[in-house]
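A.B. asks: Next up is a structure, given as structure tokens.
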Amino acid sequence: MTASEKSTHAFGTAFVSAVALAGFLLIFVEAGSFGAGARLFPRLLGLVGAMSAAVLLGQSCLRILAQRRHSAQRSTAGSALDWRNVVISYVGPPAYAGLLYLLGFWIASVLGLAGLLVLLGERRPLVVLAITTGTLLSIYLMFEFSFGIRMPEGVLLAA
Amino acid sequence: MLLDSVLLGLSAALTWDRMLVMFVATVLGLVLGAMPGLGPLAAMALLIPFTFTMDPLAAVLGLASISVAANCSGSFSAILLNVPGETASTATCFDGHPMARQGLATVAIGLSIGASFVAAVIGILAVIAVIQPLVSVALAFGPPENAALAAIGIAFVSSLARKSITKGLVMAALGLWLSTVGIDAVNGEPRYTFGLIELQDGIDLVPVMTGLFAVTEIVSWIQERGTISRLGRLEGSVWRGVFDTLRYPVSLVRSTLVGIGVGVIPGVGSVIASFLAYEVERLSSRSPGRFGQGAPEGVIAPEAANNSSISASLAPALALGIPGGATSALLLVALMVHGIRPGSMLLTGHSELLFGFLVGLIIGALMFLLVSVLFARPLALVTLVRAELLAPIFLVLCFAGVYAQDQQFSDILLAIIFGLVGCAAKALDFPPVPLVLGLVVGRLLETSVVQSLAISDGDWTIFFTRPVSGSLLAMAALVIVLTTLRGVRRKAIADPVES
């Protein structure tokens, strides 16, 4: 890990532990509104979680300070990152879930599968067709045919 | 006595119709268990309607075979894709997937099959030999001991976060909190539901596991490209893995015993057994640094413990009618449908059925060994498929599996949310496994703590004054302290600036 990556890592950990600390304190406070029997365990958890998060926050703050002191002596070379792949990897799954909600499982899966394959660099139409058909056929046989489970219908088509 | 029981069981189980039922159930279980989102429970649910017309022994043998096969094939996806098919297979990912990355997917699957087979056979023989003493030991475990066992499981798993045990504890606390979401099991009060009806039943494991493991893995496939096997080819064979299991007899026996010890306690389950066995193996190893890098013992230990605990959980289920988990509960349902009540009546009045069932499980384990060896190599070829083809297929399969569980769209949203949590956790070295274990044991821990305090009139010393729970809690504290000290020392040596 380069110095800049270590610094980002430590800042990220500090941020997450601060969020966790706030979250566990909220869990502790919110547990006060439950009945006597139901509040004990969440309160205990909130306390233990908050203590762990506070220790982690302290550790990451110390690490950030130590890195600042020694940053001048470290290499700052970063690694090359293919941003296109990163964007596809984070946007792909939520976008597919959105399509599922709007268009239903079958149409969304045809679009999602074929679209992702093309976006990821597969240009042979027969391969795209074979993968899309094969995957959806096996899902149909497994879930709808064997178990009788109807896959979700889209809100747009239902309306 | 043992030999008589085995012979009695053999004569009952070795008929063509029962063997055929077991074979079909094994193949079906293998296929269903490998599908994301479908596990032993779904597989058993599919078979149950067909068992109504069978004789009682064929019915329970079919259900047990499908459950064992689906449970074991859940480990295949853990090894090949780093996506555990079942929660109990999560610990198999630690060393199984690194082996797959080194091109040793078939060997890792062989190790998993070999360890599962040996442990299942030893577990079943243990149940046959000592079913009654085992049950009396299990009954000595009360709520304080169960709470302590859950606590030691969490301590062990948090200590697996090598870079920082604090991160492991934060994730475990998050998992425990997630287990409190929904209607409170003790008082029936809704907690942390934010007014959403979908959250009243609590947070299900399938979307959480799919998000944390599958979605996170799919994201990393898209970013890194290439194939899962970094060598680009498969090395070794499945049989090599199966026979390699026997090169680690101490690990195999130790983990099997851990599995039997945990499995016989009703309600604790095979998840804790597999994590405990992994950690016991790592702590007893002369070179613990190999664990997590593809150590064969890291595959053998969780697989052996998982399977022996499932076999051992049959002891309280059959002798007392107390199911150790959901699968043994379904087995009891199948028995009762045929008019057979578990308990002492089963031991005395239906001994042929009981021992026929237990010996049939050994035959089923052998059948699984042979069938899964045939399937293993074709399945392992998935590690040679390019990530850009694999990622879209698994994304669609995973979401279909998540939806199929409860047919709620909200589960897909949960999988996406936990996918993002998993990606952030991976980037910042927060281990996802303590979160999963926290979610799994949360209800057991809460119920046990509340029951213990009710027994002791609110006196917390009950956890420390009882010898078994006191020892287990002391061990949990020791694990946390030792891991913290070891981490501090390692950091001081490796990077004096950051320590």
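A.B. asks: Which ones in segment B:457-476 are within 13 Å of another protein chain (Cβ to nearest Cβ), over 23 Å from the mean Cα position of the chain (by Cα) and assigned to a helix (DSSP H, G or I)?
C.D. replies: Selection gives B:463 alone.
A.B. asks: Can you name every residue in segment B:35-55 that is at pLDDT below 70 and of a type in the set (Gly, Ala, Ser)?
C.D. replies: If the condition is that a residue be at pLDDT below 70 and of a type in the set (Gly, Ala, Ser), then B:37 is the only one that fits.
A.B. asks: Any residue in segment A:137-159 that is facing chain B (nearest Cβ under 10 Å) sitting within a Cβ distance under 6 Å of a residue that is in a loop (DSSP other than H, G, I, E, B)? List the pairs, counting only those 6 or more apart or interchain.
C.D. replies: Here the result reads A:143/A:149, each pair linking segment A:137-159 to a residue that is in a loop (DSSP other than H, G, I, E, B).
A.B. asks: Scan segment B:348-362 and tell me whether some residue there is in contact with a Leu (Cβ under 9 Å, 6 or more places away or on another chain), surrounded by fewer than 23 Cβ atoms within 10 Å (Cβ to Cβ), of a type in the set (Gly, Ala, Ser) and modelled with pLDDT under 70.
C.D. replies: no
A.B. asks: Quick check on my filter: what residues within segment B:69-96 are β-branched (Val, Ile, Thr) and at pLDDT below 80?
C.D. replies: Once the filter is applied, which keeps residues that are β-branched (Val, Ile, Thr) and at pLDDT below 80, segment B:69-96 yields only B:87.
A.B. asks: For segment B:14-33, which residues satisfy the criterion of being closer than 14 Å to residue B:54 by Cα and buried (at least 16 other Cβ atoms within 10 Å of the Cβ)?
C.D. replies: Answer for segment B:14-33, where residues must be closer than 14 Å to residue B:54 by Cα and buried (at least 16 other Cβ atoms within 10 Å of the Cβ): B:18, B:19, B:21, B:22, B:25.
A.B. asks: Failed condition for residue B:363, given (1) in contact with a Ser or Thr (Cβ under 8 Å, 6 or more places away or on another chain); (2) part of a helix (DSSP H, G or I); (3) of a type outside the set (Gly, Ala, Ser), with all others met?
C.D. replies: Of the numbered conditions (1) in contact with a Ser or Thr (Cβ under 8 Å, 6 or more places away or on another chain); (2) part of a helix (DSSP H, G or I); (3) of a type outside the set (Gly, Ala, Ser), the odd one out for residue B:363 is (1).
A.B. asks: Quick one: how many residues across segment B:261-278 are surrounded by fewer than 24 Cβ atoms within 10 Å (Cβ to Cβ) and either among the aromatic types (Phe, Trp, Tyr) or in contact with a Ser or Thr (Cβ under 8 Å, 6 or more places away or on another chain) (or both)?
C.D. replies: Number satisfying all stated conditions: 1.
A.B. asks: Of all residues in segment B:364-403, count the ones that are buried (at least 19 other Cβ atoms within 10 Å of the Cβ), away from chain A (no Cβ under 14 Å) and over 18 Å from residue B:112 (Cβ atoms).
C.D. replies: Qualifying residue count for the region: 0.
A.B. asks: Then there's this: Condition first: of a type in the set (Gly, Ala, Ser) and at pLDDT 90 or above. Now tell me which residues in segment A:67-91 satisfy that.
C.D. replies: Within segment A:67-91, none qualify.
A.B. asks: Now for a separate question. What's the total number of residues in segment A:90-118 that are more than 19 Å from residue B:215 (Cα to Cα) and either basic (Lys, Arg) or more than 10 Å from chain B (Cβ to nearest Cβ) (or both)?
C.D. replies: 5
A.B. asks: Going through segment B:413-472 one residue at a time, which ones are at pLDDT below 85 and either more than 20 Å from residue B:169 (Cβ to Cβ) or touching a strand residue (DSSP E or B) at 6+ places or on another chain (Cβ under 7 Å) (or both)?
C.D. replies: B:458, B:468
A.B. asks: Every residue in segment A:119-136 that is farther than 15 Å from residue B:395 by Cα, within 10 Å of chain B (Cβ to nearest Cβ) and surrounded by fewer than 17 Cβ atoms within 10 Å (Cβ to Cβ), please.
C.D. replies: Within segment A:119-136, A:121, A:127 qualify.
A.B. asks: Scan segment B:169-187 and report the pairs whose first residue is farther than 14 Å from residue A:50 by Cα and whose second residue is part of a helix (DSSP H, G or I) and basic (Lys, Arg), with Cβ atoms within less than 7 Å and a gap of 6+ or a chain change.
C.D. replies: B:179/B:443; B:185/B:443
A.B. asks: Quick one: residue A:145 ticks every box in (1) closer than 24 Å to residue B:31 by Cα; (2) under 28 Å from the mean Cα position of the chain (by Cα) bar one, so which box is it?
C.D. replies: Every listed condition holds for residue A:145 apart from (2).
Let's see how each residue does on (1) farther than 28 Å from residue B:313 by Cα; (2) more than 9 Å from every other protein chain (Cβ to nearest Cβ):
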| site | (1), (2) |
| --- | --- |
| B:141 | no, yes |
| B:153 | no, yes |
| B:159 | no, yes |
| B:164 | yes, no |
| B:169 | yes, no |
| B:172 | no, no |
| B:184 | no, no |
| B:198 | yes, yes |
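A.B. asks: So, in segment B:404-430, of the ones that are crowded, with 24+ Cβ neighbours inside 10 Å and farther than 13 Å from residue B:203 by Cα, which residue ends up farthest from the other protein chains (Cβ to nearest Cβ)?
C.D. replies: Filtering segment B:404-430 for residues that are crowded, with 24+ Cβ neighbours inside 10 Å and farther than 13 Å from residue B:203 by Cα, the one farthest from the other protein chains (Cβ to nearest Cβ) comes out as B:422.
A.B. asks: To continue, here is another question. Give, as residue ranges, the helices (runs of 4 or more DSSP H) completely inside segment B:59-161 that count at least 2 residues that are free of Cβ contacts under 8 Å to residues at least 24 places away in the same chain.
C.D. replies: It comes to B:105-139.
A.B. asks: A further question on this structure: Condition first: surrounded by fewer than 24 Cβ atoms within 10 Å (Cβ to Cβ), outside any strand (DSSP E or B) and among the small types (Gly, Ala, Ser). Now tell me which residues in segment B:180-219 satisfy that.
C.D. replies: B:185, B:188, B:195, B:202 - these are the residues of segment B:180-219 that are surrounded by fewer than 24 Cβ atoms within 10 Å (Cβ to Cβ), outside any strand (DSSP E or B) and among the small types (Gly, Ala, Ser).
A.B. asks: Are any residues in segment A:15-38 surrounded by fewer than 20 Cβ atoms within 10 Å (Cβ to Cβ) and part of a helix (DSSP H, G or I), and if so, which ones?
C.D. replies: Of everything in segment A:15-38, those that are surrounded by fewer than 20 Cβ atoms within 10 Å (Cβ to Cβ) and part of a helix (DSSP H, G or I) turn out to be A:15, A:18, A:19, A:22, A:23, A:25, A:26, A:28, A:29, A:30, A:36, A:37.
A.B. asks: Kindly indicate whether residue A:121 is modelled with pLDDT of 85 or more and on the phi > 0 side of the Ramachandran plot.
C.D. replies: yes
A.B. asks: Please indicate, with yes or no, whether at least one residue in segment B:404-420 is under 30 Å from residue B:231 (Cα atoms) and in contact with a helix residue (DSSP H, G or I) (Cβ under 9 Å, 6 or more places away or on another chain).
C.D. replies: Within segment B:404-420, one or more residues are under 30 Å from residue B:231 (Cα atoms) and in contact with a helix residue (DSSP H, G or I) (Cβ under 9 Å, 6 or more places away or on another chain).
The values are calculated or read from the model by the stated rules, or taken from the named source; none is laboratory data. As the structure is a computational prediction, the values presented were derived from the model and not from experiment. Note that we place each Cβ from the backbone using ideal geometry, even for glycine, and neighbour counts take in every protein chain shown.
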